[in-house]
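Read through the structure below, which is laid out as C-alpha cells, and then see the notes.
Just so you know, all these numbers are worked out from the coordinates, no wet-lab data involved. All figures in this text were calculated on a predicted structure; none of them were measured in a lab. With ideal geometry, Cβ positions are generated from the backbone for all residues, glycine too; neighbour counts draw on all protein chains shown.
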Amino acid sequence: MTHHPHAQMPQALVALPAAVSAAPVDAGGAIVSEIHESALPAHANTALDRLYGSMYASWRHLQLCGVDQPTPHTWVGYRHGEVIGVLLFRMRGTEALVLTEMFTLEAEVAEVFCRAVFSRFAYARRITFNAVSLPRSLPHWPMQSYAFSENYIIDLPASVDDYLKALGKSTRKTIRGYGNRLQRELPGFHWQVRPAALLRKDEQRRLVRQWQAFKQASMAARGKRAVIERRDTARLLQLASECGLYGVATLDGRVVGGSLACRFGDNYVMLLSAADPALESFRLGMLVCYWSVCDCIRADARQCHLLWGKYHYKSQLLGKPHALQRVTLYRSRLQMALSPATVLRMSWQKWRHACRNWLIAAVRDRNDAGSRAVITILDGLRSARSAMRHWRKAG
C-alpha cells in the first residue's frame, strides 16, 4: 500500500507567476475556470485536501514522489466565488496528463476542465486521467476508459458505537468474540493509538519495518510476494511523520501488529495494517483494522480509505469499492482517429484487465496447486510492470 519513495524534502511551496485563463466571477451558478501555469496557489493547495481527502490527490504526495519535477499547472474551478474543484496537470507533448488521482471526478467538473485546457493549450489533442472514479461518461468529448482497480472507502459515523451497530451481525460477533478471547488468553495484550508527533522517528521506523515484515510473511503464507522498496519506505515515513496516526498492538511489550493512517483534510488513508501471522487464530489482522477505523472515528474523520485489494474484511468493515478508472478524452473524433497508437493501447489495456479480473475471479476461492500458480504468475507480472515503471521514471 505504500507509494512513497525516498526523496529529499522539497523547498517550501511558493506562489509562482501564473497565466490565468479566466477570472473567478459569479456566472449564475456555472463553474468558472482559472488556469495557473507552472504554479499552485496556496488556496488551491489547501482546497485539494478539503475537497478530496485523498493522499494521491494531495500536493504533498506529489512533492515527495517528484522532488526534481517542476511545479505542475493548476486548474481551479469556482462556483459563486467558492473553490469546487482543483486539478493538477502537466503537458506531455500534445497530451494533458492529470496528476490528481484517487477521487471522485464529477462529470460537470470534468467537462469544464477539459473545455478550459483545450481552449488554453491549442496544441493539446487529448487529456488523460489516471485512477479516478467517473460516475458517467462525458458526451461532449470522444472518450475511452476502463476500470483497473478500486478504492475501498468507509463513510464514518459520528461515534464508535454507531459504527459497531452499523456492522453486520456476524461481523459484530466476530469482533467481540475474538476480542474477548484475545484478552482472556493473552492478558499481556494491549492496543494503543499514538499520533506521529508523540513518537521519535527511529520508533516510527522500527514499527513500519516490523509491520512490513508481518505483511510479507502473511502474503508468503498465501503464496504471494510483497515487494517493498527502500525508497518507498522512506517516503512513507516522511509523510507519516507529518500527518500519521499509529495504532500499536503489543503482547508483553513486544510489537505484534498495528496500523498507520495518514490524514488528508477530513479523511484518513490507511497505508499499512498488519499483524503477526503467529496470531492468525485470533483474527488479529481484522481486529487491527477495526480498531484503527475506530481511532479514525475518535479523531473526527469523515472517511477512511482502505485503498485497493479485494479482501473480504474490507467489506465486512463497511468499506465500499469505488472503481478506479483510466480515462482518455480526445479534442475531437478527428484527433481520436489521428491517434491510433493511443486508441489501440487503451483498448488492449481494457481487454487485458478484463481477462485478468475474470481469471482471478475463477481461481480466487480454489486452493489447488494450479490456482495458486496462476495467482503467483499474475502477481509476478504485476511486480515486473511496477519495477519497469520505476526504472523508466528513474531513467
Residue-count net charge about GLN204 - beta-carbon cut-off 12 Å; Lys, Arg +1, Asp, Glu -1: +3
Cleavage-rule hits, trypsin sites (Lys or Arg not before Pro), the range 128-200, DSSP coil, Cβ neighbours within 10 Å at most 11: ARG136, ARG200
Local electrostatic count, ALA301, Cβ distance below 12 Å [Lys/Arg +1, Asp/Glu -1]: -1
Listed pairs LYS173/LYS201; LYS224/LYS314; LYS224/LYS320; LYS173/LYS224; LYS201/LYS224; LYS169/LYS350 exceeding 28 Å between Cα atoms: LYS173/LYS201; LYS173/LYS224; LYS201/LYS224; LYS169/LYS350
For the range 222-369, diffusion coefficient by Stokes-Einstein and Kirkwood Rh (Cα), 10 °C, 1.306 mPa s, µm²/s: 85 µm²/s
Contact order relative to length of the range 31-169, as percent, for alpha carbon pairs under 8 angstrom and 6 or more apart: 21 percent
Debye intensity ratio I(q)/I(0), log10, the range 157-301, q values 0.17 Å⁻¹ (C-alpha model): -1.01
Leading residue at positive end of dipole, the range 104-261 (Cβ point charges), from VAL160, LEU138, ALA226: ALA226
Cα centroid separation, the range 235-267 to the range 71-103 (Å): 30 Å
Cβ-based exposure ranking for PHE264, PHE121, in which fewest neighbours within 10 Å come first: PHE121, PHE264
